[in-house]
1. Describe numerically, in nm with one decimal, the distance between label points set 7 Å from Cα along Cα→Cβ at residue 161 and at residue 131.
2. Pulled fully out, how much extra length does the chain show between residue 95 and residue 114, if you take 0.36 nm times their separation in residues and subtract their Cα-Cα distance?
3. Counting Lys +1, Arg +1, Asp -1, Glu -1, what net charge surrounds residue 41 among other residues with beta carbon under 13 Å of its beta carbon?
4. Sort 152, 105, 80 so the one with the fewest other Cβ atoms within 10 Å of its own Cβ comes first.
5. Need one number: nm distance between label points at residue 106 and residue 38, each 7 Å from Cα along Cα→Cβ, rounded to one decimal.
6. Arrange the peptides 120-130, 175-185 so that the one whose residues have, on average, the most other Cβ atoms within 10 Å appears first.
Amino acid sequence: MVRLASIILILILCVSLGGPILAAQPMEYRLGDRTLSYGAWGADVFELQLRLRELGYSLAADGHFGSETRRVVTAFQLAYGLRPDGIAGPATLAALQSLRSTFTYVVQPGDSLWAIARRFGVSMEEIVRLNNLPDRPLWVGDRLILPARPVYRVQPGDTLWEIARRFGTTVEELAELNGIADPSRIRAGSELRLPAGALPAGGF
C-alpha cells in the first residue's frame, strides 16, 4: 500500500512539473543486428523470410520465427554446409546475405525456353516474367535473368540417393537438374542444385 502511494506521488509530481512520461519504444531491428531463433518477432525476421523465399524456399513471411521458419533455416544451413541448428546467427546470416537471388544465363546454340526452364528447375512463365521477353524465339547470346536455387555442398561419404532422400526428392531429378551422367559418382566438395523449396524430409 505504501509502495503504491509512492508511485502515485511520483506520477503526480511528474505531471505537475511538466515532465514527460515516456513509454518504452520497441526497437526496430534490421537483418544482421541480432541472432534470430525460435520465438523471435520483428522486421528482421520478416526480411529473413523474404530472403529465403527469394531463394526458392516455401514459407510464410509474417515476421514470426516459428517452427516453419526454423525448419527452412535448417534446410538452408544443410544446403550450404553450415551447422544445422535452426538459428540464424552470424555465419548463417553472412551466407544468406552473400547470395544473389538471381543469376544471368547466356543462351547457347540449341537452347529453347522449355529446355532452359527444365534444366534450371523453373517455370517458363517465371523466366518470361523476370525478363519481359519479346514475342519471338530466343537468340543465341541473349542474356536471361534466372532465379537462383538452393544448392547442397557434397560431403565425404554422401551418395546421390542419400541426398535425394534427405531433401525429399529423387535421384533422377537431382541428376537431371545437375547434368550428372553417372548418379553413382559424385565428388565431395562439389555443389548440387536442389529443386526449388527443397526441405529436409522428416522436418526439424
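1. So the label points at residue 161 and residue 131 sit 3.8 nm apart.
2. On the way: separation 19, 0.36 × 19 = 6.84 nm, distance 3.13 nm.
Going from the current span to full extension adds 3.7 nm.
3. Values: positive: 34; negative: 28, 44, 47, 62.
Net of charged neighbours comes to -3.
4. Numbers: 152 22, 105 16, 80 19.
Fewest to most other Cβ atoms nearby, the residues stand as 105, 80, 152.
5. Spacing of the two 7 Å Cα→Cβ label points: 4.8 nm.
6. 120-130, 175-185
Here, each number is a calculation from the coordinates, and none is a lab measurement. Bear in mind the structure is a predicted one, so any value in this text is a computation, not a measurement. Positions of Cβ are generated from backbone atoms using ideal geometry, with glycine treated the same way; all protein chains shown enter the neighbour counts.
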